[in-house]
1. Within the stretch B:28-66, track down each residue that is in a strand (DSSP E or B), open to solvent by 40 Å² or more (accessible area, probe 1.4 Å) and over 20 Å from B:SER96 (Cα atoms).
2. If we keep just the residues of the stretch B:179-215 that are modelled with pLDDT of 95 or more and farther than 23 Å from B:ILE119 by Cβ, which is most open to solvent (accessible area, probe 1.4 Å)?
3. Which residues, counting only those in the stretch B:140-149, are assigned to a strand (DSSP E or B) and under 18 Å from B:GLU234 (Cβ atoms)?
4. A:THR71 fails exactly one of the following numbered conditions: (1) modelled with pLDDT of 95 or more; (2) under 26 Å from B:GLY13 (Cα atoms). What is the number of that condition?
5. Hey, can you tell me all the residues within the stretch B:1-27 that are of a type in the set (D, E, K, R) and assigned to a loop (DSSP other than H, G, I, E, B)?
6. Test of understanding: among B:SER96, B:SER68, which residue is modelled with pLDDT of 95 or more, within 14 Å of chain A (Cβ to nearest Cβ) and in contact with a Pro (Cβ under 7 Å, 6 or more places away or on another chain)?
7. Scan the stretch A:63-73 and tell me whether some residue there is free of Cβ contacts under 8 Å to residues at least 24 places away in the same chain, more than 8 Å from chain B (Cβ to nearest Cβ), closer than 24 Å to B:GLU65 by Cβ and open to solvent by less than 80 Å² (accessible area, probe 1.4 Å).
8. Filter the stretch B:108-125 down to the residues that are touching a Leu at 6+ places or on another chain (Cβ under 9 Å) and open to solvent by 10 Å² or more (accessible area, probe 1.4 Å) and list them by number.
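The values are calculated or read from the model by the stated rules, or taken from the named source; none is laboratory data. All figures in this text were calculated on a predicted structure; none of them were measured in a lab. Cβ atoms come from the backbone with ideal geometry, glycine included; neighbour counts cover every protein chain shown. Please note that ligands, DNA and RNA were not included when accessible areas were found on the heavy atoms of the full protein model with its side chains. Shrake-Rupley method; radii C 1.70, N 1.55, O 1.52, S 1.80 Å.
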Amino acid sequence: MEKLKILAIGRHPEIMQTVIRLINNNPEWNGTAAITDKEAVQAFDHEVFDLVMLCSGIEPESEENLRAYFTAHRPAVKIIQHYGGGSGLLIAEIYEALKEQPH
Amino acid sequence: MANSILHKAENRGHANHGWLDSYHTFSFGSYYNPQAMNFGALRVLNDDTVSGGMGFGRHPHDNMEIISIPLEGDLEHQDSMGNKAIIRKGDIQAMSAGTGIYHSEKNAHENERVKFLQIWIYPNQKNVEPRYDQLTLNLADRHNRLQQVLSPNADDEGIWIYQNAWFHMGKFDQGKSVTYNLKDTAQSGVYTFVLSGDVTIDGQKLGTRDGLGSWDISSLEITADTEAEFLLMEIPMTF
């Protein structure tokens, strides 16, 4: 079975390391981190992600631009906000996002 | 009761890691219950017991208002902003994680357990500058009355957070009643968590560690059926 591919974007490198480690703890999920908008767009263009997760520190203008870019290039892509920065909510957030989209 | 949801203590999620025994009212960590995701902006209500000398090592948070209320024992806090403090029963601690914060919370004693509530509320602003605060409350001020322990306003009673939420705590003698009038009847609901004893809220009976969420109300009538201690959380239902 193909792994669920998750692009996680956030400005805090240490927190992003934690988020990716937690995602990859699930053998059925694969996480890619992007710190800058440029990295995020490059990763998005390079790979078909099932889910985009917006983490902390993304400026409102960047968030607007990223959302516009992602939905323009893959209208069906699911974009969610990650809250809490750690293990507490991550799993439920991903399950809730999957519940809302065919996979 | 119309417009209410009851979470019985025994139906909560449970994770026993040895050093940490935690009950989750809402989905948390590996406990996922689609029927128990949140009550408005209230996302996490964990009832934690930490063994002596143990605790949560350094770990990150972002974009969340995190409130800790010790119920028994002492908790030692350290964070990446340089704060180091101990919180005790009667204290309340709030962290606005905002753009990102690292912290640890450990039992301050080797031979005593610590019990505390860990409460997470979605913030009304994303990416705020992280902040930490704690406050010592007078326990006598909650005897047979509601003591405000948290609000959205820095100059109001109790601690403050980035959300339109108000917390009150009360310790009532058997047979005593109180009416809580909501601050924001248009937006808020109230989540009541019973710390000990039995209470009746608008006709609904609750026991220790039961939780009741009520919305589309302007007030709440609480009666202590035994000596009882509880936490009332007025929370925005949309955020």
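1. B:TYR31
2. B:LYS205
3. The answer is B:GLN147, B:GLN148, B:VAL149.
4. For A:THR71, the failing item is (2).
5. Within the stretch B:1-27, B:LYS8, B:ARG12 meet the criteria.
6. So the residue among B:SER96, B:SER68 that is modelled with pLDDT of 95 or more, within 14 Å of chain A (Cβ to nearest Cβ) and in contact with a Pro (Cβ under 7 Å, 6 or more places away or on another chain) is B:SER96.
7. yes
8. Answer for the stretch B:108-125, where residues must be touching a Leu at 6+ places or on another chain (Cβ under 9 Å) and open to solvent by 10 Å² or more (accessible area, probe 1.4 Å): B:ALA108, B:LYS115, B:GLN118, B:TYR122.
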